[in-house]
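For reference, the structure discussed in these notes is given below.
Rule-based calculations on the coordinates, nothing more; no lab input. For clarity, every value in this text was computed on a predicted model and none was experimentally measured. Please note: Cβ atoms are built from the backbone with ideal geometry, for glycine as well, and neighbour counts cover all protein chains shown.
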Amino acid sequence: MKRFIACCNTFLLVFLCSFVAVAQQKKISGKVLDNQSNPLPGATILVKNTQVATISDENGNFSLNLPAGGKTLVITYIGMETQEVEVGAKTSFNIQLQAKAGSLNDVVVVGYGSVKKSDLTGAVATLKGSELNKTPAASVDQLLQGKIAGVQVTTGGGAPGAGATIRIRGASSLNGSKDPLLVVDGYPWGGAGNLKQINPDDIESIEVLKDASAAAIYGSRGANGVIVITTRKGKLDQHRILFSTLQTKSFLANKPDVWRDPIEEATYANEAAITGGAIATDVPYIGIFRPVGNGMVYFPSIAELRGLDPNKPQWPYDTDWVDLVYRSPYSQNYTLTADGGSEKTRYAISGNYYKEQGMVIKNDYEKYTSRLNLDQKLTENITAGANVILAYTKAKGQQLGVGRSRIFPAYDSTGNFFRTSNTDFGNPIALANQLLNQTKTTDVLGNVYVNAKITDWLEFRTSLNSKFGNSVQDQYDPKNSTQRALDNKGSYGSIANGNYFDLLTENYFTANKNFGEDHQLTLVAGYSFQKTINRFSTLTGQNFVNDVLTNENLSTAGTMLISNDLQRFNLSSWYGRANYVFKDRYLLTVTGRADGSTKFGANNKWAFFPSAAFAWKAGEEQFIKDMGLFSELKFRASYGLTGNQGISPYQTLDRYGSYKYFTGSVFETGFGPGLAGANDEQGRTIVSGLGNNSLKWETTRSLDLGVDVGFFDQRLTVTADYYVKRTNDLLRLKTIAPSAGYDRQWINDGEIENRGVELGLNASIIEGADFNWSVGGMFTLNRNKVLAMGESDQVLIGSIYESVRQQISTYTVGQPMYVFYGYKSDGIIQTLDEGIAAGLTGVDAQPGEIKYVDISGPDGKPDGQIDSYDRTIIGNPNPDFIYSFNTSLRYKQFDLSMQLYGVQGNDVWDFQKMTPSRQLQRWTPDNPSNEYPRANATRGYRASDFYITDGSFLRLQNLTVGYNLLPGKINKVQSLRVFVSGNNLYTFTKFNKGFDPEVGENGINGGAYPRPRAVSLGVNVIF
C-alpha cells in the first residue's frame, strides 16, 4: 500500500511539473510576408536568446510555443532585412519583411508597376532603406548627389531653400526642358524642381530610370530620365510613432577673399589710378573730397590711414563687411510620423517643420509639409487609397556683397545707414534692412486610386491625380534705396502671383500570367489624360507717396503697371508594355507610348515612342553556376525613343500683344502683332510671337548596354553601363531677320549627342554579429556634343557681362554645350617690344598687361592684330568625370558613415579671379609676375582664358557618427538613434581661394551664395 501511495505521489509530482511548464509556455502563430504582401516560405522565426525556432510553410504560416521569458521574435530570410518583433500579449502576427538593398529579391518600382531587381531589363538605379538613412538630408537633391552613377546634381551655392540642377546622362536639349521627370507615388509631378515639396524623412525608396527602355513608358516626358519616389506606407500589424529632429549649426566654409587692410586697399587703388593715366592729384586716397555721384565724398590719405598725418587724426573706420554681413546660422528640422496597418487598412501620416537661417543676415527659409497615405481593402478584390501632400514655404532676403571699401562705415554719425551720396546703393547693411524680397508658396498634391483584381491574373487600376500651387512674391525698394527704385521714379513695389493647376487621370490594366514552368508574361495597357492651367499676374507700382505700407497699398503709387498671362495645355496618351520571361533566364521588355500634345502643330500633335530591351541572366545557366564564381551575372541591352515637349504653349500660333511706352508725360498702350518681352544682351526689347505650325516633338534615341555582376552571395556587386543618347529635331529659339518684324521664333532643328560610361560598386566586406563594414562608390563619364544646329554652326548664348562686354558661352557644332568662347592669353607682357610683337597696341601693349594671342585673321591665318578673328573655344565647363566613395561601419551599437564626392576636369569662368590676395601679387617692375596683371583702373578686360580656372574638386561631403540604443532599454521605445553629422567638411581643390568650385551648369562663377560648413545633432526614435 505504501509503495502504491509513493507511486501515486511520484506521478502527481511529474504531472504537476509538466502542467506548470506547459502553463508557462504560450502558443503563438502568424504569417511572414514580403514588402509586396506575398507569402515567404522558409523564413526562420527564432525566439531571441533561446534555441526555440521554426520555419514558415509554403504559405508563409508558422506556429511555435513561446518559452518562459521569451519576449522577442527574430525573423530572417535570405535577401531580406532581419526583423525583430516584440511579442507582448499578442498571440497572432503578420510580419512583413523588407528586401535588403542590393538584394536580387529587392522590388524595384518602375513606370506603372514593379519588378524584382533580378528581372530588370533596363538601366534603373535604386536608393532605399539604410542607403537613405545613412546620412541626414534636408532636401531630396542632397540625398541624390554622389549616390547614383549617371546622375549629376549641381548646386550653384548655399542659399537657404535653394534647389539644384539635376541631369541624368547629360543635357539633351538646347532651349527645351532639361529636367528629369519626377513621379511621386505613381503621379507625374513634372520637372525635378518640385523636389522641395517632399520631406526626405517620408521617402521609402528612390528609383532613377536612366535608359529609354525604363523611361519610354512615360513617353514625351521621359527624354531627360525619370526620378520615381515612393513614400512610406504603414506596415502590416505594426502601429508606430516616429519622431526625428535635426539641429544644425553652420559656418563659413570659405571666407571671402576681400581686402583685410585698408592701407593695402588704398595703395592698390592709387597705383591703379596712376597706371590708368591719372595725375598725382587725381588719385583717390590723398585726403581730399572727391565727387561721387551727385555728392562729395572724403577719401583719407594713406598717411591718415596709417596715423602718420601730423595735421589729422588717424582714420577711425576699418569696417569688416564679412563679419557684418555673414553669420553662423542655426537651422532646425522636426518630423513626426504615425503609421501602421492591419489586414484591411494601412495608414501613414506625417508632419514636418523645417527652418533654415541663411549665411547672410536677414536671409531665412521656412517649410511646412504634411502627408497622408491611406490604403483600404474594400473587398477581397478591391483596394482603394489616397495620397495627399501639403507644402508651404516662405523665403526672404537677398544675397549681399562684401566687397565694399573698408574705409566706409556701416552707419553715419546720426545712426542712419552711411551713404557716400544719394546714388550710393552699395551699403549691404542698408540693403538687408530696407529691402523687401519675400516669396511664399503653397502646394496641394494628391491622388486617389481604386485597384480591382478581376481574376487571379488580371487587375485594373484607375487614379485621379491633381496638383494645385500658388506663389506670391513681394518686393519693395524704398525711396532712393536702390538703382531700381531710382529708375522707377524714386521707389518700387510689386506683387507677383502664380497659380498652377494640374489634373491627371490614369487608367490601366495589368495582366500577369504564367504558362507552364518556363513562360511568364506581364502586360500593361492604359490611357491617361492631363490638363494643365497656369495663371500669372504682376502688379507694379512706381513713385510711392511714402514707404509706410511698402507694397501692401499699391494704389498709393504714382504709376501702376499690370501684366498677366494664362497658359492652358493638354496631354493625351496611350501606353503599353510587355515583359516576357523564359526559363527565368531570358527577359524581353517591349514598351510603346503614343502622346498627343496641344503644344504642337495640327499635323504634329501625336508622336509614338517605342522601346525594347533584352536581358540574359547568364548566372542562371548551369555552366556558369558550375564555376562557383558568380551569385549574379546578367547582361542587358536596350534601345528606344523618348520625347520632349518642354516649351511654353501657343508657340505654333501668331500672337498679338500690348506694350506700354512713355510719351513724355503719360504712358500709352499699343497693340499689335508680336509679344514684347525682356531686353536682350544689347538692351533691345525682344519681340517674339511669330508662330510655327510645323513645330513637333523633340526626340531622343537611346542605346544602352549593361552588365550586373554579383559575387559572394551578393556581398560584392558591380553594375556597368555604356550608353549613347542622340536628340534630334531640337526645340530651340532661332534669331530671325529684323525685316520679319520679330526677333525670335521656335523651330525644330539640330542634334545633340551624349555618350558615356557608368560604373557602380558596392561591397559588404565584413558581416558579423557585432561588426559590419561596407563600402561603395560610383563613376560617371559623359561626353556631350552638339552635332548640328540647322543652318548655324555657332550661336553665342547667355548675357553680355559688363566686365568683358561680350558673351562668353556658345553652342558650337562639334563642341560640348556651354563651352567658353574668347581670346587665348599667354601670360603677362614683360616688355613693350613683347607687347607690340604680340599684335597689341597702346596701353594694351604695355608691360604688366595681359598678353593675348593672335591666332587668326580674315584669311584664317595670324595677321599681327588682336581682333574678333582671334576668338575661339577656350574652355569646357563639362567635367571629364564625376565620382564618389562611401563607407559605413557598425560596431555593436555604434555606427559611422562617410561620403566623398568629386568632380574632375571641368573649367570654370571665374569672374572673381582678381581677388585682393591676388592683386597683392600683381605685376610690378620689382615683381614681374607672369600670372597676374598690373594695377590699372582703366583696363578693358577682354573675354579670354585668363579667367578660366580648373574647377576640379574632391569634397568630404558627409561624416556621421551614431549610437543605437538596444531595444527594450526604455519602456515603449522600439528604437532610438542619436547621431552627430558634418556636411561640407573640407574641399580639396586648386580653385580660387574664398569661393566654392561647385558652380552652376554653365560653369560661370560670378560670386555665388556661400556654401556653409554644417555640424548637426540628430535624434531618431520609434515608439
*asked:* For segment 880-921, what are Rg and Dmax over the alpha carbons, in angstrom?
replied: 19.0, 54
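Grab the other residues whose beta carbon is less than 13 angstrom from that of Gly163, score K and R as +1, D and E as -1, and report the net. Present the calculation step by step, with values, prior to reporting the outcome.
Numbers: positive: Lys196, Lys367; negative: Asp141, Asp179, Glu1001.
Around Gly163, the surrounding residues sum to -1.
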_Alpha-carbon radius of gyration plus Dmax, which is the widest Cα pair, for segment 830-909 in Å_ = 24.4, 75
*asked:* Run the simple label-point estimate for Ile836 and Leu390 please: 7 Å along Cα→C-beta, distance reported in nm.
replied: 7.9
*Where a label projected 7 Å from the Cα of Ser803 along Cα→Cβ would reach, residues of segment 236-255 with amide N under 19 Å*: 254-255
*Run the quick spin-label model on Ala720 and Asn38: label points 7 Å from Cα toward the beta carbon, then report their separation in nm to one decimal.*
3.1
*Just the C-alpha atoms of segment 40-168: what Rg/Rh do they give, with Rh taken as the Kirkwood radius?*
1.12
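How much length is gained on full extension from Phe635 to Leu985, taking 0.36 nm per residue of separation minus their Cα-Cα distance? Let's see the in-between values first.
Working: separation 350, 0.36 × 350 = 126.00 nm, distance 3.93 nm.
Difference between extended and current length: 122.1 nm.
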*Each residue of segment 135-142 in turn: what ³J(HN,Hα) in whole Hz from Karplus with 6.51, -1.76, 1.60 and θ = phi - 60°, glycine and Pro shown as x?*
10, x, 8, 8, 8, 5, 5, 5
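Within segment 712-808, which GluC sites (Glu not before Pro) sit in a loop by DSSP and count at most 12 neighbouring Cβ atoms inside 10 Å?
Values: sites: Glu751, Glu753, Glu758, Glu767, Glu791, Glu802; in loops: Glu791, Glu802.
Sparse-neighbourhood loop GluC sites (Glu not before Pro): Glu791, Glu802.
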*Just the Cα atoms of segment 175-307, one point each, no solvent: what log10 I(q)/I(0) does Debye give at q = 0.13, 0.14, 0.15, 0.16 Å⁻¹?*
-0.72, -0.78, -0.85, -0.93
*Once the Cα atoms of helix 262-275 and of the chain are each reduced to a long axis, what angle between those two axes, in degrees from 0 to 90 to the nearest 10, is obtained?*
50
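Note the per residue figure in Å³ for the convex hull of the C-alpha positions in segment 354-426.
On the way: hull volume 10.1 nm³, N = 73.
For segment 354-426, the hull spanned by Cα atoms encloses 139 Å³ per residue.
Which whole number in µm²/s is D for segment 278-413 by Stokes-Einstein, with the Kirkwood Rh taken over Cα pairs at 37 °C and 0.692 mPa s? Mind showing how you got there, number by number?
Working: Rh = 21.1 Å.
For the chosen part, D equals 156 µm²/s.
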_Charge dipole magnitude, Cβ of K and R +1, D and E -1 - the chain, Cα centre, debye nearest 20_ = 3280
_Per q in 0.05, 0.07, 0.08 Å⁻¹, report the Debye log10 I(q)/I(0) for the chain, using one uniform scatterer on each alpha carbon and no solvent._
-0.39, -0.73, -0.94
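Evaluate the relative contact order of the chain (contact order divided by residue number), counting alpha-carbon pairs under 8 angstrom at least 6 apart; express in whole percent.
On the way: 2744 pairs, mean separation 101.9, N = 1023.
Here the relative contact order equals 10 percent.
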*Considering only the chain, what is the antiparallel percent among its DSSP beta bridges, to the nearest 5?*
95
_Cα-based Rg and Dmax for segment 825-870, where Dmax is the largest Cα-Cα distance (Å)_ = 10.1, 31
*Highest mean first, what order results for 826-839, 602-615 on Cβ atoms within 10 Å?*
602-615, 826-839
*Given the Cα atoms of segment 354-480, and with Rh set as the inverse mean 1/r over their pairs in the Kirkwood sense, what is Rg to Rh to two decimals?*
1.34
_Cα pair distances of segment 23-96 binned at 10 Å [whole percent]_ = 21, 58, 20, 1
*Cα-projected label distance for Lys453 with Gln247, points at 7 Å along beta-carbon direction, nm*: 4.9
_Karplus-derived 3J(HN,Hα), 6.51/-1.76/1.60, for each residue of segment 858-875, Hz, glycine and proline x_ = x, 9, x, 10, x, 10, x, 10, 9, 8, 4, 5, 8, 6, 7, 6, 10, x
*When every alpha-carbon pair in segment 914-1013 is counted, what percent end up more than 24 Å apart?*
51
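Apply 1/(1 + (r/R0)^6) to the Cβ-Cβ distance of Phe501 and Arg783, taking R0 = 45 Å, and write down the FRET efficiency to the nearest 0.05.
On the way: r = 40 Å, r/R0 = 0.90.
About 0.65, to the nearest 0.05.
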*asked:* Quick query: amide H of Gln957 versus all other amide H atoms, modeled in the peptide plane; which residues come in under 5 Å with a sequence gap of 5 or more or a different chain?
replied: Gln899, Leu900, Tyr901
_Listed residue (Pro997, Pro967, Leu985) projecting farthest to the positive dipole end of segment 922-1003, Cβ model_ = Pro967
*asked:* Taking 0.36 nm per residue of sequence separation and subtracting the Cα-Cα distance, how much length would be gained by fully extending the chain between Lys892 and Asn311, in nm to one decimal?
replied: 201.8 nm
*asked:* Between Glu58 and Gln567, what is 0.36 nm times their sequence separation minus the Cα-Cα distance? Round to one decimal in nm.
replied: 177.6 nm
*Mind putting a number on the dipole of segment 825-870 about its Cα centre? Charges go on the C-beta only, +1 for Lys and Arg and -1 for Asp and Glu, and I need it in Debye to the nearest 20.*
60
*Cα-based reach from Lys605 at 16 Å (exclusive), listing lysines while leaving out same-chain residues under 8 positions away*: Lys531, Lys696
*Can you list the lysines whose alpha carbon sits under 18 Å from that of Lys892, skipping same-chain ones fewer than 8 residues off?*
Lys48, Lys134, Lys969
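If you take the Cα Rg of segment 486-624 and divide it by 2.2 N^0.38 Å, with N the number of residues, what do you get?
Numbers: Rg = 28.1 Å, N = 139, 2.2 N^0.38 = 14.3 Å.
For segment 486-624, the normalised Cα radius of gyration comes out at 1.96.
Please give the per residue volume of the convex hull enclosing the alpha carbon atoms of segment 844-968, rounded to a whole number of Å³. Please report the intermediate quantities before stating the final value.
On the way: hull volume 21.2 nm³, N = 125.
Each residue corresponds to 170 Å³ of Cα convex hull volume.
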*Calculate one ³J(HN,Hα) per residue across segment 461-468 by plugging θ = phi - 60° into the Karplus curve 6.51 cos²θ - 1.76 cosθ + 1.60, and present them in order as whole Hz with x for glycine and proline.*
10, 10, 9, 10, 10, 9, 9, 10
